[in-house]
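Visitor: Quick one: structure below, then a few questions.
The values are calculated or read from the model by the stated rules, or taken from the named source; none is laboratory data. Everything quoted here is computed from the prediction, not taken from an experiment. Here Cβ is always computed from backbone atoms with ideal geometry, including for glycine, and neighbour counts include all displayed protein chains. These area figures cover heavy atoms from the full protein model, side chains too; ligands, DNA and RNA do not enter into them. Shrake-Rupley method; radii C 1.70, N 1.55, O 1.52, S 1.80 Å.
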Amino acid sequence: FRHSMTEGLIVMGHVIVALMLREMKTRFGRHAGGYLWALIEPVLFIAALLLFKTAILGSTIQDTNAVANLAAGVLTFFLFRNIVQRAMAAVSGNRGLLMHPIVTPLDILLARSLLEAATSLLVTCVIVAGIFFVWGEGLPTAPLALLGVLAVAAGFGLSLGLLLGAAAAVWPVVERIVAPLLRVGFFISGVFFTPASLPLELRELLLWNPALHITEAARAAWLSVPIETYGTLAYPIGIAWLLLPLGLLSERLARSRIAPA
């Protein structure tokens with residue numbers, strides 16, 4: 001049993017790596033700027049939010065902590081959001097691969113999620129280096145802690161993505177329902193505000209959102225000045241551990257209803 005299980009995991013690993021390479025080619029290789037868009041999107045959001053805070057709220061572009069504050073929120077939320085989105089569309093966009101008996105919906109979901117996590121990590125490193133190059137400071141004060149926060153964001157996105165991906169493979173309408181909810185999540189997940197700046201009642205309501213705890217932890221690991229933080233990573237980690245078995249079970253149950261294209 002151990003021998004067959006080990007062989008199965010090795011084969012699964014080879015399939016996932018092959019699917020990741022295929023996904024890289026189809027997603028980034030079709031256009032010359034395909035690889036750049038993964039970097040340009042978060043940079044544009046950070047720049048737009050920074051200009052908004054400068055024009056409306058009186059922040060200064062020279063304030064490195066303001067830039068790092070926004071970068072922490074944007075990068076962690078985008079990592080979570082992108083994994084969920086890519087996982088939801090994984091099976092519907094790759095049904096033809098299921099004609100090969102060795103490929104399962106779980107392999108496709110994991111390949112897309114792992115590629116998104118690796119891409120987001122690379123983008124984060126480039127943006128951190130860019131902030132340091134432009135402002136001469138702004139490096140994360142606790143880089144290992146920030147890496148751990150990104151891992152939690154990826155794990156939470158993967159757990160939710162497995163559940164929603166299996167559901168979307170059976171009921172395509174799920175994608176249309178979740179997409180606007182993720183857009184709303186951008187505004188309630190602490191991307192451009194901190195819970196400390198909110199009234200008590202609103203803060204307690206928004207702290208039910210696990211993504212807000214993740215962005216708070218990212219700020220605490222990045223910023224060079226002490227900030228008043230709320231929430232704990234134990235909450236999104238606990239939610240992720242609850243969603244993971246549900247996602248794996250849903251994927252298994254959905255296999256019989258997912259037909260190759």
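Visitor: I want to make sure I understand the PRE zone here: with the label point 7 angstrom from the Cα of Thr26 toward its beta carbon, which residues in segment 79-95 have backbone N atoms less than 12 Å away?
Guide: 89-95
Visitor: Moving to a separate point now. Arranged from highest to lowest average of other beta-carbon atoms within 10 Å per residue, in what order do the peptides 64-77, 35-48 appear?
Guide: Descending mean neighbour count gives 64-77, 35-48.
Visitor: Only helical DSSP H runs with n ≥ 4 go in: add -39500 (n - 2.57) per run for the chain, normalise by residue count and round the 222 nm mean residue ellipticity to 500 deg cm²/dmol.
Guide: Here the helix-only value at 222 nm equals -25000 deg cm²/dmol.
Visitor: Averaging sequence separations of C-alpha pairs under 8 Å and six or more residues apart, then dividing by the length of segment 12-145, give the relative contact order as a whole percent.
Guide: Relative contact order comes out at 32 percent.
Visitor: In nm, to one decimal, how far is the modelled label at Leu242 from the one at Leu202, with both set 7 Å along Cα→Cβ?
Guide: 2.6
Visitor: Taking the Cα atoms only, what angle lies between the long axis of helix 34-52 and the longest principal axis of the chain, rounded to 10 degrees?
Guide: Once rounded, the angle reads 30 degrees.
Visitor: HN-Hα J couplings of segment 178-185 from phi, Karplus 6.51/-1.76/1.60, θ = phi - 60°, integer Hz, Gly and Pro as x?
Guide: Result, ordered by residue: 6, 3, x, 5, 5, 5, 5, x Hz.
Visitor: Pull out the extension gain between Val170 and Met12, defined as 0.36 nm times the separation in residues minus the alpha carbon to alpha carbon distance; nm, one decimal. Please list the in-between numbers first.
Guide: Numbers: separation 158, 0.36 × 158 = 56.88 nm, distance 2.31 nm.
The Val170-Met12 span can extend by a further 54.6 nm.
Visitor: Which far-off residues, 5 or more places away or on another chain, put their amide H under 5 Å from the one on Ile258, with H placed in the peptide plane?
Guide: Long-range HN contacts for Ile258: none found.
Visitor: Can you bin every Cα-Cα distance in the chain into 10 Å intervals starting at zero and give me the percent of pairs per bin, rounded to whole numbers?
Guide: 7, 28, 33, 21, 9, 2, 0
Visitor: Return one number: the angle in degrees, 0 to 90 and rounded to the nearest 10, between the long axis of the Cα atoms of helix 105-135 and the longest principal axis of the Cα atoms of the chain.
Guide: Result, in degrees: 20.
Visitor: Please report the carbon-and-sulfur percent of the accessible area for segment 94-215; probe 1.4 Å, protein heavy atoms only, DNA, RNA and ligands left out. Could the numbers behind the result be given before it?
Guide: Details: 4440 of 5740 Å².
The C+S portion of the solvent-accessible surface of segment 94-215 is 77 percent.
Visitor: Additional query: From the phi angles alone, apply the Karplus equation (6.51, -1.76, 1.60; θ = phi - 60°) to segment 155-161 and give each ³J(HN,Hα) in whole Hz, x where the residue is Gly or Pro.
Guide: So the J values, rounded to whole Hz, are x, 5, x, 5, 4, 5, x.
Visitor: Please arrange Trp171, Trp241 by accessible surface area, largest first, computed with a 1.4 Å probe and ligands excluded.
Guide: The ranking, largest first, comes out as Trp241, Trp171.
Visitor: Right, next: Using the heavy atoms of the protein chains and a 1.4 angstrom probe, tell me the accessible area per residue for the chain in square angstrom.
Guide: I get 52 Å² per residue for the chain.
Visitor: On a 0 to 90 degree scale, rounded to 10, what angle separates helix 64-88 from the longest Cα axis of the chain?
Guide: 20
Visitor: Rank by packing, highest mean first: peptides 90-101, 208-219, with packing defined as the count of other Cβ atoms within 10 Å averaged across residues.
Guide: Result, highest mean first: 208-219, 90-101.
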